[in-house]
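Chemist: One structure follows; several queries about it will come next.
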Amino acid sequence: MSDLLQRARRVGAEVAARHAGAVDSQARFPRESFAALKAEKLLGVMVPTAFGGPGASISEILSLCHAMGQYCASTAMIYAMHQIQVACIVRHGQESAWHRTLLQRLAGEQLLLASATSEAGVGGDVRSSVCAVEVDGARLKLSKNATVISYGADADGILVTARRTPDSPASDQVIVAVLKGDYRLEQTSTWDTLGMRGTCSNGYWLHATGDVAQILPLPYADISAQTMLPTSHLTWSSLWLGIATDAVARARTFVRAEARKKAGSLPPGALRLAEAVNLLQLMKSNVVAAAKLYEQALGSAEQLTALSFAVAMNNLKTGTSQMAVQVVNHALLICGISGYRNDSDFSVGRHLRDAHSAALMVSNDRILANTANLLLVLKDDPGLFS
């Protein structure tokens, strides 16, 4: 086990798990977990060694998300969303002096980054923006009516999408990295949801100012295709796998306890446990295969923007988000009323509520429609269809 994974599991077992119930019931930011993650220097792990970080690979990041998902899904989701933003800076900001300094700060100060991609007035399409960057000399300003900025009030900085200029079309977008002191937030909605309650995904009017240098050099369309979309689907799928993994572990413990009560007989839930483990293995295989595909494509803009690659990443997200619910539901049926109770060691109610968020962020229907369109124009690809 790597040192990074040991540290993540320590945070998960000793801190995140202890506060997960309160984070969920109070729908509050998991401050204890993130204080511990900062103390263990796990927020800046993707920052390259040249900028003071350990330069963790995407596979290592996925292992950390999977580990955290077994203890507190809200903590794991926030951690994943932060790493998505860091990945964008690492992969597309190193040619910019301002962003190189940000990388150093991410490693040294363990800053927590959020994102503002959603916006009122675009129908949920993050590849369109209403707000625009207004430039005056070397300075910029923007105002965005963001329907969601997860953990925005607790973040140290936000990556904001906006039109390149007020005259640009909705799809001509850039990313602006703004840090605390650059922006103010006016809350417009609250976050009282079925699951993932600790992500505190409130809506805000975001008003920001800064230097033009804070704009990432590459267009958002390229950053999204090459980094944000695949990293999102990989990290999310890993933490969903973590949720399912813990649910199956609870179900297995329950079946073992039942078996001890009646030696020599197979408990009723044993066969369903075997089914759940099978589904869990399929989930893990999907994540591992997609991670290998991404690692092979890294460094090649052509591979990262290929239609077949987009289909594979879309399928990862829709597939694992559906299977997470199936696996946790199996665990619930295995544990029965003990799994249904909130005051039981075998409770999987929070797991099930958190897992149901997976198909909704970003909507599976939207992703499947995108995949369907890609398949219509995609040339035959033996690697995809065989």
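Chemist: Over region 148-267, what is the mean sequence separation of C-alpha contacts under 8 Å (at least six apart), divided by residue count, expressed as relative contact order in percent?
Modeler: On the way: 122 pairs, mean separation 27.1, N = 120.
So the answer I get is 23 percent.
Chemist: Okay, moving on. Just the number: Rg to Rh for region 199-333, Cα atoms, Kirkwood Rh, two decimals.
Modeler: On the way: Rg = 20.7 Å, Rh = 17.7 Å.
Radius of gyration over Kirkwood radius for region 199-333 works out to 1.17.
Chemist: Cα axis of helix 270-297 to longest principal axis of the chain: angle in degrees, 0 to 90, nearest 10?
Modeler: For helix 270-297, the angle is close to 20 degrees.
Chemist: Right, here's the next one. Round to the nearest 10 and give me the degree value, 0 to 90, for the angle of helix 58-69's Cα axis relative to the longest principal axis of the chain.
Modeler: Helix 58-69 sits at roughly 50 degrees to that axis.
Chemist: Rounded to whole Å and ordered largest first, report the semi-axes of the equivalent ellipsoid of region 7-94 derived from its Cα gyration tensor (root of 5λ). Walk me through the numbers before you get to the answer.
Modeler: Values: eigenvalues 116, 30, 23 Å².
With the √(5λ) rule applied to region 7-94, the semi-axes are 24, 12, 11 Å.
Chemist: Follow-up question, since we're still on this one. What's the tally of Lys pairs in the chain whose alpha-carbon atoms lie under 27 angstrom apart, where the two lysines are 8 or more places apart or on different chains?
Modeler: Qualifying lysine pairs in the chain: 11.
Chemist: What accessible area per residue, rounded to a whole number of Å², is obtained for the chain using a probe radius of 1.4 Å?
Modeler: On the way: 16670 Å² over 386 residues.
Here the residues of the chain average 43 Å² of exposed surface.
Chemist: Right, another one. Evaluated at 10 °C with a viscosity of 1.306 mPa s, what Stokes-Einstein diffusion coefficient in µm²/s does region 89-157 have when Rh comes from the Kirkwood expression over alpha-carbon pairs?
Modeler: Values: Rh = 14.1 Å.
After rounding, the answer is 113 µm²/s.
Chemist: Let me ask something else. If you consider only alpha-carbon coordinates, what radius of gyration and Dmax does region 276-332 have, in Å?
Modeler: Taking only Cα atoms of region 276-332, I get Rg and Dmax of 13.5, 44 Å.
Chemist: Additional query: Before rounding to the nearest 500, sum -39500 (n - 2.57) across all DSSP H runs of length at least 4 in the chain and divide by the residue total; then give [θ] at 222 nm in deg cm²/dmol. Walk me through the intermediate numbers first.
Modeler: Numbers: 15 runs with 200 residues, N = 386.
About -16500 deg cm²/dmol.
Chemist: Counting Lys and Arg as +1 and Asp and Glu as -1, each charge on the Cβ, what is the dipole of region 220-270 about the Cα centre in debye, to the nearest 20?
Modeler: Details: 6 positive and 3 negative charges, 124 e Å.
Here the size comes out at about 600 debye.
Chemist: What's the carbon and sulfur percent of the chain's accessible surface, probe 1.4 angstrom, rounded to a whole number? All intermediate terms of the calculation are to be shown ahead of the outcome.
Modeler: Values: 8820 of 16670 Å².
Here it works out to 53 percent.
Chemist: Taking a ≥ b ≥ c as the square roots of the eigenvalues of the Cα gyration tensor of region 78-200, is the shape rounded (a/c under 1.5), prolate (a/b larger than b/c) or oblate?
Modeler: Values: a/c = 1.68, a/b = 1.04, b/c = 1.62.
Oblate shape, in that a/c is at least 1.5 and b/c is the bigger or equal ratio.
The values are calculated or read from the model by the stated rules, or taken from the named source; none is laboratory data. Treat the numbers as computed from the prediction; the structure is a model and nothing was measured. So basically every Cβ, Gly included, is an ideal-geometry build from the backbone, and we count neighbours across all protein chains shown. Remember, those area values only see protein heavy atoms, side chains included, never the ligands or the DNA or RNA. Shrake-Rupley method; radii C 1.70, N 1.55, O 1.52, S 1.80 Å.
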